[in-house]
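The values are calculated or read from the model by the stated rules, or taken from the named source; none is laboratory data. Everything quoted here is computed from the prediction, not taken from an experiment. Note: ideal-geometry Cβ built from the backbone for every residue, glycine included; neighbour counts use all protein chains shown. Protein only, heavy atoms only, side chains kept; ligands, DNA and RNA dropped before computing areas. Shrake-Rupley method; radii C 1.70, N 1.55, O 1.52, S 1.80 Å.
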Amino acid sequence: MTADVLREKFLAFFKAKKHKVIDSDSLVPKDDPTVLFTPAGMNQFKKEFMGLDSGFKRAATAQRCLRTDDLDKVGKTASHHTFFEMLGNFSFGNYFKDEAIAWAWEFLTEELKISPDRLRVSVYQDDEEVYRIWKDKIKIPPDKIVKLGDKDNFWPAEAKTKGPNGPCGPCSEIFYDFGPAVGCGKKDCDPSCSCGRFVEIWNLVFTQFNRKDDSSLEPLPNKNIDTGMGLERLAAVMQGKQNNFETELFQPIIKEIIRGQSPSGTVPENKLLYAVADHLRAVVFSIYDGITPSNEGRGYIVRKIIRKSVLHLKSLGITKPFLNRLVGLVAQIMHKPYPDLKDRQEDIALVILNEEENFVATLNSSPSILKEKYAGFTEKQDPENAGKIAFRLYDTYGIPLEITKDWLDKQNIQISQPAFDQELVEQSLRSRSQSTMKGDVFAAKSLDLISKETKFLGYESNSINAEIIEIINPKRKNQKLPEITLGMEVAIILDKTVFYGESGGQIGDTGKIVNGKNIFEVSDTQKAGKVIVHIGIVRAGSFKETDLVTAEINSERRLVIARNHTATHILQAALRKVLGNHVQQQGSLVDENSFRFDFTHFKGLSKDEIARVEEVANGYISKSQAVNCKEMALKEAKKRGALAFFEEKYGENVRVVSIGDISKELCGGTHIDNISKIGLIKIISEGSVASGIRRIEAVTAKFAEEFIKEQKQKAAEESAKRNKLEEQKEQEKKRSAEMNNIARQRLPILIENCVKINGMNTVFSLENNLEMNSLRLLADLIKEKLSQAVIALGSEKDGRAFLVIGITADLCAKGLDAEKLIRQVAPIIDGSGGGRKDFAQAGGTNAGNLTLAFDKLRDIINKLT
C-alpha cells in the first residue's frame, strides 16, 4: 500500500468520524516563536487547544514537518528523518481517551488490515484508565501492554518534573512488531527495547492536565486529543519493509544517486544514500515554503542540510553539483499531495544549484581559509583553540573536520579532538532547544485570544455609523475607561468600522470619530486578534461607552495607500516574470509615501534586471486592468493559483485580489479599482535584507514622477559639474603646457648664466609665475646639459613661494644631498620641504626671502670641502 493511498485512507477515515480535514500548515509556524520549523501536526492548532472556537471541535491533517534535533542520526537508522509527514487526528474538548484509542485500533486493524498479533501498545505507568481501555475494551492481552514512565509516555517528555508549564498529559503508543527474528532476539524484548524489533507507528496524547509553577498538575476543564503517526513509518510497515528508505518515497531518489556516480566510484554506502534522499526532501519543502539558505535562523539550517548532502555526495564520488538535479524526482513522488510543486521545481532547483556551487567553491578555497584562520599556530601550538576553530570552520563554512585535520597535520599543527567535540555538543544542544518548545506551552499572551470581533466594512465605504464598545488606555496596560475628555490619548473599540487596522504590511488608517461637536482624531489603527483598535486623542468634547458615533477615514490618504498596495501585487508579478517563480513575498510595508517589498532571491539584481522589472511592471499598468476582490474558500483560491504570503495563517474563507491575467493573490488589504490609477512604478532602491532575501523600495504616481524629476535634475547637476571639472582640467593642461614651453625657452639663458662656486657649476634663478611642476621640469633639463651642477630655482605664484634644488648624479656620488640642502634653506621662506638626494622641493609663504635662500645655498656650497 503506497504512501499516497495511506494518506487518503487516513483522512477519509477521520472525515467519516466527523473530523474536519485541514490542509497541512507551512513548515514556517505562524505566530509561534517557540520553534523554528513546524515539528508536529498539533502546532497549527495551538489556539484551538487553548479554547478558541474556530467552528470545529475535531480535525485531521497530513502535516509536513521538519525536525533537526536528530540530524546526525538520519541515514544511520531505519526511521529517523528531518522532513516527514505526520498523520494526526485532534479533539478540542470533544471526545477523549475511549474514542481516540478505539478509532486508532479500528483504522489499523480494520481499515489497513494489520493483524492484531503484530501490534503492541505502551501506556503511561500511572494511567490505569488507558490500561483498562486497552485490556478490557480493545481486548489487548496484558502481556502485549507495557507500562512506561515520564520520559517515554508523558507529553511533553518529563514535563511533570522539568516543565514547561501549561497543557500536558499521558500518552499511549502503538508499535508494530516485526517478529523475534528481528532485533536483539531476547525473549523479554518489548517496545521499550531499541533493538529495532518494535517500531512506534502512532502516538496518542491525552492532554488532561495543566502544569503549574509549583510542578503540580491540575485537571483541565476541556480535555484534548493530539495524535501523531509518521506516514513514512506506516508506509514501510504496510509494504513489509523494515526500513523507511526502502519505500517508494525514497527509492527513486536513491537509485538516481547511484546512477549519478562515476563508473570508477566507490561502492555506495546505504547510510549516505539514505541521508541524501532524506535531506533533499527537507531542502525542497523548506524552499517551497519560502525558506532560502542563509547564515541565520531557518535559512542556516537549510544551508547546513545542503552542505551535509554535498559532502555525502562527495563521499559517494559525485563531486559536481548534483542535488539540484534530483528536485524533479521529489516533485514527481509528492505530486498527489503537492501538485503545484511541479510548477516550482525549476526555481527550487536553481536555489539549490546556487548554494551547491558556492559551497563547492568554499571547499576548493579551503586551504587559503585554513591558512588565514590558523596563522601563527606553527610558532605557538594551541591544540584546544585549534579544535574550537576547526568547529567554527565546520559550522560557518561547512569545511569538514577531516579536511581541516589533514591540512593541520601537513602543517604540524596540533588539534584537540575533545575541544571540537565539546563545541559540537553545545551546538547540538542549541539546535535541539530551537526545535523544541520553550517557556510555557501555548503561551496565551501571544495568541491574542479576544472574544470580541470588530466588523470591518471599509472595503465598501469610507464612513459609517457605529457604537463605542470599549475605551482603553494603552499606556496603562489597557485600563478600561468609562469616559474620556479633551486632550486624553486613548484607544477606542467600535462594534463596526471602516478603519483598516495595520496588517499584511499595510499601515493603519487615520481619520476621525465624531459625535456631534465631540471629535476624536484617529492617528493610527491597529489589530489585536479580530479586534480593530482606533488610537488617537480627543480634540473636542468627550466620549463614553455606548455612544453612537460616525467613524470616517482620511479617504485621500487611504486612496494613496491602496494604490501602493496594488502596486506591490504588480511588482511581485513582474519579479516572478523576470527572475522566476521562486520569487516569494517575505514581507512588505505599504504607506502613503512609498512601499517596500521583501522577496526570496539568491543574489542582487543587476541594473538591467531592475530596469526590466520596471519595464514589465509599467507594461502591466498600461493595460488598465480592473482589480477584482472576491471571497472564496481557501481550497478554491489555491486551485485557481492564488499566491499566498508564506508566513500568513489563512482561515477557511479568504479574500482573493485578482488583476486580469497578471496577478492573483490572497490579500486582506485595500486596493484601487483599476491599475491605471497607479500611473507609474519607479524602483528607488534594491538591496539585501538577509542572505537569500532582497528588498525593493519603490514609489508610484506623482511620487514616482517627482523622483524621476529629481534624478534628472541631479544627473544634470552632476553632468554640469563633470563638464566644469573637465574644462578646468583642460585649462590646467593648457596652462601647464604654456609654462613648460616657457621653461624650455629659459633653458639656454640659464645655462649661459651658469656660475662656478667651489669647483661646481651653479644655476640659481627666480622664475616667477612658474608652478612647481614647471620648476621641476626646468631643473631636470638643466641637469641633462650640465655636470658637477647644483641647480636652485624659485618662483612666486599666487602669493606662495616655491623652491626646487637639483643635483647631478656625479655630485650625489660624492655625498651632496638635495634633501639635506632643502631642509636647511626652507625655513628662510617660512616653509618646509623634502625629497631625494638628486632632487628636493619646498613650499612656503614668504616669497620675498627667495633670494636670501639662494644666498644661504651659496654660502653652504662655498664651505664644502
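Helix 417-435: angle to the longest alpha-carbon principal axis of the chain, degrees 0 to 90, nearest 10?
The angle comes out at about 60 degrees.
Which whole-percent values make up P(r) of region 594-670 when all C-alpha to C-alpha distances are grouped in 10 Å steps starting at zero?
Pairs per bin, as whole percents: 15, 40, 34, 11, 0.
Quick one: what are the phi-derived ³J(HN,Hα) couplings along region 705-710, Karplus 6.51/-1.76/1.60 with θ = phi - 60°, whole Hz, x for glycine and proline?
Rounded to whole hertz, the list is 4, 5, 4, 4, 4, 5.
In terms of the Cα gyration tensor, with a ≥ b ≥ c the square roots of its eigenvalues, is region 127-170 rounded because a/c is under 1.5, prolate because a/b exceeds b/c, or oblate? Walk me through the numbers before you get to the answer.
On the way: a/c = 4.44, a/b = 2.39, b/c = 1.86.
Prolate shape, in that a/c is at least 1.5 and a/b is the bigger ratio.
For Cα pairs less than 8 Å apart in space and 6+ apart in sequence, what is the mean separation divided by the residue count of the chain, i.e. the relative contact order in percent?
After rounding, I find 7 percent.
Rank-order 395-407, 241-253 by packing density, defined as the average count of other C-beta atoms within 10 Å over each peptide's residues, highest first.
Order by mean packing, descending: 241-253, 395-407.
Taking amide H atoms as placed 1.01 Å from N in the peptide plane, list the residues 5 or more away in sequence, or in a different chain, whose amide H sits under 5 Å from that of I140.
Amide H to amide H, under 5 Å and 5 or more residues apart or across chains, I140 pairs with K135.
Name the aspartates and glutamates eligible as straight-distance cross-link partners of K410: C-alpha to C-alpha under 14 Å, and not fewer than 8 places from it in the same chain.
Here the aspartates and glutamates satisfying the reach criterion relative to K410 are E402.
Whenever you get a sec, compute what percent of the accessible area on the chain sits on carbon and sulfur atoms (1.4 Å probe).
After summing per-atom areas, the C and S share lands at 47 percent.
Of the labelled options (1) 1.37; (2) 1.01; (3) 1.29, which one gives Cα Rg over 2.2 N^0.38 Å as computed for this structure?
(1)
What spacing in nm lies between the two simple spin-label points modelled at K73 and D126, each 7 Å away from Cα in the Cβ direction?
Modelled inter-label distance: 2.6 nm.
Summing +1 for each Lys or Arg and -1 for each Asp or Glu, what net charge is found among the other residues whose Cβ lies under 12 Å from the Cβ of K18?
In short, +4.
Given the pairs K47/K336; K15/K639; K241/K271; K113/K639; K635/K677, which are separated by over 25 angstrom at their Cα positions? Present the calculation step by step, with values, prior to reporting the outcome.
Working: K47/K336 29 Å; K15/K639 21 Å; K241/K271 16 Å; K113/K639 34 Å; K635/K677 31 Å.
Violating the 25 Å Cα-Cα cut-off are K47/K336; K113/K639; K635/K677.
Where does the charge balance sit around E502 when Lys and Arg score +1, Asp and Glu -1, over other residues with C-beta under 12 Å from its C-beta? Show your work: numbers first, answer last.
Working: positive: K527; negative: D509, D524, D591.
Surrounding charge for E502 is -2.
If the limit is 24 Å between Cα atoms, which of K30/K530; K455/K512; K314/K405; K46/K147; K97/K638 go over it?
On the way: K30/K530 16 Å; K455/K512 18 Å; K314/K405 18 Å; K46/K147 29 Å; K97/K638 36 Å.
From the list (K30/K530; K455/K512; K314/K405; K46/K147; K97/K638), the Cα-Cα distance tops 24 Å for K46/K147; K97/K638.
Is region 48-192 best put as rounded, prolate or oblate by its Cα gyration tensor, with a ≥ b ≥ c the root eigenvalues, rounded for a/c under 1.5, and otherwise prolate when a/b is larger than b/c, oblate when not?
Rounded, since a/c falls under 1.5.
Among all the lysines, which ones have a C-alpha under 29 Å from K783's C-alpha, if same-chain residues fewer than 8 places away are not counted?
Reachable lysines: K733, K734, K756, K797, K814, K820, K837, K856, K863.
With a/c under 1.5 counting as rounded, go ahead and sort region 666-761 into rounded, prolate or oblate using the C-alpha gyration tensor (a ≥ b ≥ c being the square roots of the eigenvalues; past the cut-off, prolate if a/b is larger than b/c, else oblate).
Prolate, because a/c is 1.5 or more and a/b exceeds b/c.
Around T109, what is the net charge, scoring Lys/Arg as +1 and Asp/Glu as -1 over all other residues with Cβ under 15 Å from its Cβ?
+2
Which order do the peptides 360-367, 806-813, 385-392, 494-501 take when ranked by the mean count of other beta-carbon atoms within 10 Å per residue, highest first? Provide the component values of the computation, followed by the final result.
Working: 360-367: 13.9, 806-813: 17.2, 385-392: 19.8, 494-501: 23.1.
Packing proxy ranking, top to bottom: 494-501, 385-392, 806-813, 360-367.
Relative contact order of region 78-234, please, whole-number percent, based on alpha carbon pairs below 8 angstrom and at least 6 residues apart.
Reported as a whole number, the value is 31 percent.
Per DSSP H run of at least 4 residues, take -39500 (n - 2.57); add these up for the chain, divide by its residues and hand me the 222 nm value, nearest 500 deg cm²/dmol.
-11500 deg cm²/dmol
Apply the Karplus parameterisation 6.51 cos²θ - 1.76 cosθ + 1.60, with θ equal to phi minus 60°, to every residue of region 567-573 and state each ³J(HN,Hα) to the nearest whole Hz, in sequence, with x for glycine and proline.
4, 5, 5, 5, 4, 4, 4
Can you tell me the 0 to 90 degree angle between the C-alpha axis of helix 97-106 and the longest principal axis of the chain, rounded to 10?
So the inclination is approximately 90 degrees.
In debye, nearest 20: dipole of region 596-655 around its Cα centre with unit charges on the Cβ of K, R (+) and D, E (-)?
Taking the Cα centre of region 596-655 as origin, the dipole is about 200 debye.
Which angle between 0 and 90 degrees, to the nearest 10, do you get for helix 401-410 versus the longest principal axis of the chain when only C-alpha atoms count?
The angle comes out at about 40 degrees.
Over region 1-136, with the other protein chains present, what is the accessible area per residue in square angstrom, probe 1.4 angstrom? Let's see the in-between values first.
On the way: 5120 Å² over 136 residues.
I get 38 Å² per residue for region 1-136.
In debye, nearest 20, what is the charge dipole magnitude of the chain about its Cα centre with +1 on Lys and Arg Cβ and -1 on Asp and Glu Cβ, if you could check?
So the magnitude is around 1020 debye.
Using mean Cβ contacts within 10 Å as the protection proxy, how do 752-758, 295-301 order, highest first? Let's see the in-between values first.
Values: 752-758: 11.9, 295-301: 16.6.
Going from most to least packed, we get 295-301, 752-758.
Once the dipole of the chain is set up with Lys and Arg at +1 and Asp and Glu at -1 on Cβ about the Cα centre, which of I708, P39, N243 lies farthest towards its positive end?
I708
Going by amide H atoms built from the backbone, whose H comes under 5 Å of the H on V627, apart from near neighbours?
Under 5 Å from the amide H of V627 lie the amide H atoms of N674, I675, each far enough along the sequence or on another chain.
Reachable aspartates and glutamates from K702, Cα under 15 Å, same-chain residues fewer than 8 places away excluded?
Hits, sequence-local ones excluded: E556, D591, E592, E710.
Just want to confirm a number: the relative contact order over region 712-865, from Cα pairs under 8 angstrom separated by 6+ residues, in percent.
On the way: 263 pairs, mean separation 26.1, N = 154.
This gives 17 percent for region 712-865.
Please list the non-local residues whose amide H lies under 5 Å from the amide H of T454, H modeled 1.01 Å from N, same-chain partners needing a gap of 5 or more.
V531, I532
Which ³J(HN,Hα) values, rounded to whole Hz and listed in residue order, are derived for region 363-375 from phi using the Karplus coefficients 6.51, -1.76 and 1.60 in 6.51 cos²θ - 1.76 cosθ + 1.60 with θ = phi - 60°, glycine and proline given as x?
4, 5, 9, 4, x, 5, 5, 5, 4, 5, 6, 10, 4
Give the accessible surface of region 172-225 per residue, rounded to a whole number of Å², with probe radius 1.4 Å and ligands, DNA and RNA excluded.
Spelled out: the 1.4 Å probe surface of region 172-225, per residue, equals 49 Å².
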